[in-house]
Amino acid sequence: MSKILVVDDETISVMTIGAFLREEGFLVEVAGSAREALEKAEAFGPDLLVSDWKLKDDLDGIEVTHALQKKNPSLKAILYSGLGVDDLKRQSRGIEVFRFLEKPCGLAELIDAVNHALGKPSPAHAQSEAN
Amino acid sequence: MADAPVGKKGKTLSAKILLVDDRPDKLLALESLLADMNADVVKASSGREALRLLLKANFALILLDVSMPGMDGFETAALIRQRPKTEHTPIIFITSINTNETHMTKGYSLGAVDYIFTPVVPEVLKAKVAVFIDLFEKNETVRRQSESIAEEAARKAESLETRLRGLLNTLNLGVFRATLDGELCEANPAFFRILGARNLSDVKREYLAVICGVPDRRNELDGSTPAEDVHLVDDDGTDIWLSLTRTIRQDGKNDTFVEGIVEDITLRKTDEAKLQQLNETLELRVRERSEALRISQEHLSRAERLASLGTLAAGIAHEINNPLNSILLSAEYAMKHKDPGFVAQTLKAIAGETRRCGKIIRGVLQFARNERTAKSVNDLSKVVAHSVDLVKTYVRTPLKVDLELPNREASVVMNPTEIEQVVVNLVKNAAEASPSGAHVIVKIQPNGTRVKLSIKDHGPGIDASIKSKIFDPFFSTRTGSGGTGLGLSVAHGIILEHGGNVSIESDLGKGALFVIDFPMNSSGTQKAEGAENSAVKVVDRRKPIAEGNA
């Protein structure tokens, strides 16, 4: 079972994403800050990181990705941003990001990105959810 | 005998003595007696001859024989006295007739000054004659002297007049004398030159009417009028400007004249007009430039606002997208689940997030709007107290506020809703910065023409490095935890717009103190009674007046 770490300082977002991904059959941990994410990743050992770019503490999603990929280079990452993805892409040089998502981002886009990142595409599922 | 006086013109004066006797021997005798006198002796053998000689010359003395055939001495004397020229010529009668009173009285009544009786005593005659010669010479000297004095005076007067004329002729100022009716009596060349005339009769009557026309001042004799500027217009429309000083004077014959001086100040006036025009042009240009500057400043401030709107746009995107993301995710998730309890919970969350969006938008609008809002006179204490109550409904952390209000009205011209917004914002910030259970102190202190509103928290304080940025739009230390980053910049704008100032005193670890001072409404201060800060209503500090939900 793939392990996903979700990081977002917006409580509703992080909780909803967490609940949704669990129902989709993933093992999920959620973190409300970069610090919390780094701590939880130690024991959890995620395969995929789903993170907001801007976080309320002094590290952002890019830095969290960078830190985690140093320990686990095969860690996949999906980053999303409320400021558009152009800036985010520019800032993300030097790390491996599987997909950039733009806020507001629906569950369909999210699960599509997650499935692709973890190598189990489910277009039918995404299709049905989008409608 | 003195030397013959010499006149100024070098003429030797000599006294003439007229001897009148019908007898040649007596004439000769007298002549020889007087030969060594300093006088010319002229002889006449009759009264008639004497009268003829008297017409030709002035005599110092007439020695007149009383008894002569035909016209006697008395008759001759009477005729001599009748002539103005000889009216005062001294006459000494010579008579051989023995004196009696009647005779002598007649002689004296005819103007005789003396009598000499024959036989003539030479010493007596010579002594008497010498007196008259001396008298004549003295008179003559006096006459000559007065003549020469008069001549000298006349010469001096003439030379003075010549010099004055010369001066008047070369003077650049026009000098004139005219009757009050505008008849020019005399004037110097400059006067004509200034008025574009050749001579007295050539000066335009309308000019003279202006220059001499002082009807209301006819009674002010010898009073100089202050120099006045007179404007004339030439035939070809050219302006002539004169500075005119006039005096009204009466001459010996009681005729009244106006005398005066005119100075051509056309050039000066023209220069003044040019200068005035130049000044006006300059002023106009300054006004135009100021206007242009104002417009470009307006553009600049609009550009600045647009630039901050650019910053705003990014901030808005970020701030709005966060709740939107939550809304979208939770809405889709609830749609999948359809459990009524869960859906209701999600809808509540969505509503909360939507409100958050609305709040952000309101803040943005407030910031972007630049219009002046309606203001009225309000008591700052009431508005602040109300605001503190309002915070209760907003703030999530436990809130304890000490509100210290003056016992007098603190009248401020304000938009109460805006001021409320400021106070709510600052108190909420203070509350959120303070550790749980700490007090926020809100104080209002009127001080002369200003009133101070201070809000003190016991939070971590504000780092010096961010003090200057604290009022910038979207500057927030609480990004992602509900802060929009707009609250303080909007508050700052409102404070400035109310003529207020805001300052921050803070040391790290010792809390922050926001001090806002507003101008007091002057009419409101009249309600003040007693000392300004004497009595302060102190709210019970143990009991918070506003307590948020934990």
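Suppose every K and R has +1 on its Cβ and every D and E has -1 on its Cβ; what is the size of the dipole of chain A about the Cα centre, in Debye to the nearest 20?
That gives a dipole near 400 debye.
Among all helices in chain A defined by DSSP H, which have a length of 30 Å or more along the axis from Cα atoms plus a Kyte-Doolittle mean of at least -0.5?
Answer set is empty.
On full extension of the chain, what length is gained from B:Thr270 through B:Glu161, given 0.36 nm per residue of separation minus the C-alpha to C-alpha distance?
Numbers: separation 109, 0.36 × 109 = 39.24 nm, distance 3.62 nm.
Contour length minus the Cα-Cα distance gives 35.6 nm.
Give me the count of lysine pairs in chain A whose alpha carbons sit under 16 angstrom apart, restricted to pairs 8 or more positions apart or on different chains.
Step by step, the pairs that qualify in chain A add up to 11.
So, counting K/R as plus one and D/E as minus one, what does the shell of residues with Cβ under 13 Å around A:Pro73 add up to?
+1
Averaged across orientations, what area in nm² does the convex hull of the alpha carbons in the stretch B:75-193 project?
Computing the convex hull of the Cα atoms and averaging its projections yields 13.4 nm².
Accessible area of chain A with a 1.4 Å probe: how many percent of it is carbon plus sulfur?
49
Remind me, relative contact order of the stretch B:234-285 in percent, using alpha carbon pairs under 8 angstrom and six or more residues apart?
31
Using the Karplus curve 6.51 cos²θ - 1.76 cosθ + 1.60 with θ = phi - 60°, work out ³J(HN,Hα) for each residue of the stretch A:3-9 in order, rounded to whole Hz, and write x for Gly and Pro.
So the Karplus estimates, Gly and Pro as x, are 9, 10, 9, 9, 10, 7, 7 Hz.
Give the value in nm², to one decimal: projected area of the alpha carbon convex hull of chain A, averaged over all directions.
7.3
Output ³J(HN,Hα) for the stretch B:280-295: one whole-Hz value per residue in order, computed from phi by the Karplus curve 6.51 cos²θ - 1.76 cosθ + 1.60 with θ = phi - 60°, and x for Gly and Pro.
5, 4, 4, 4, 4, 5, 4, 4, 4, 5, 4, 4, 4, 5, 4, 5
Just the accessible area for A:Asp87, please: 1.4 Å probe, Å², rounded to the nearest 10?
The accessible area comes out at roughly 70 Å².
In terms of the ratio Rg/(2.2 N^0.38 Å) built on C-alpha atoms, what value belongs to the stretch B:49-111? Before the final figure, lay out each step's value.
Details: Rg = 11.4 Å, N = 63, 2.2 N^0.38 = 10.6 Å.
The reported ratio for this selection is 1.08.
I want to check the label-to-label distance for B:Ala292 and B:Lys85. Put each point 7 Å from Cα in the C-beta direction and report it in nm to one decimal.
Simple spin-label model gives 9.9 nm for this pair.
For a quick check: with amide H placed at 1.01 Å from N, whose amide H comes under 5 Å from B:Val401's, ignoring anything fewer than 5 positions away on the same chain?
The answer is B:Val440, B:Ile545, B:Ala546.
Work out which residues of the stretch B:319-345 lose at minimum 10 square angstrom of accessible surface when the other protein chains are put back, relative to the chain isolated, with a 1.4 angstrom probe, and list them by number.
B:Asn321, B:Asn322, B:Leu324, B:Asn325, B:Ser326, B:Leu328, B:Leu329, B:Ser330, B:Glu332, B:Tyr333, B:Lys336, B:His337
Counting protein heavy atoms only and a 1.4 angstrom probe, how many square angstrom of accessible surface do chains A and B bury in total, to the nearest 100?
Details: alone 6920 and 31480 Å², together 36480 Å².
Accessible area lost upon association: around 1900 Å².
Any idea what % of Cα-Cα pairs in the stretch B:234-300 are farther than 20 Å? Walk me through the intermediate numbers first.
Values: 1383 of 2211 pairs.
The calculated P(r) of the stretch B:234-300 puts 63 percent of pairs beyond 20 Å.
The values are calculated or read from the model by the stated rules, or taken from the named source; none is laboratory data. All figures in this text were calculated on a predicted structure; none of them were measured in a lab. Heads up, the Cβs are rebuilt from the backbone with ideal geometry, glycines too, and the neighbour counts pull from every protein chain shown. All accessible areas refer to the heavy atoms of the entire protein, side chains included, with ligands and DNA or RNA removed. Shrake-Rupley method; radii C 1.70, N 1.55, O 1.52, S 1.80 Å.
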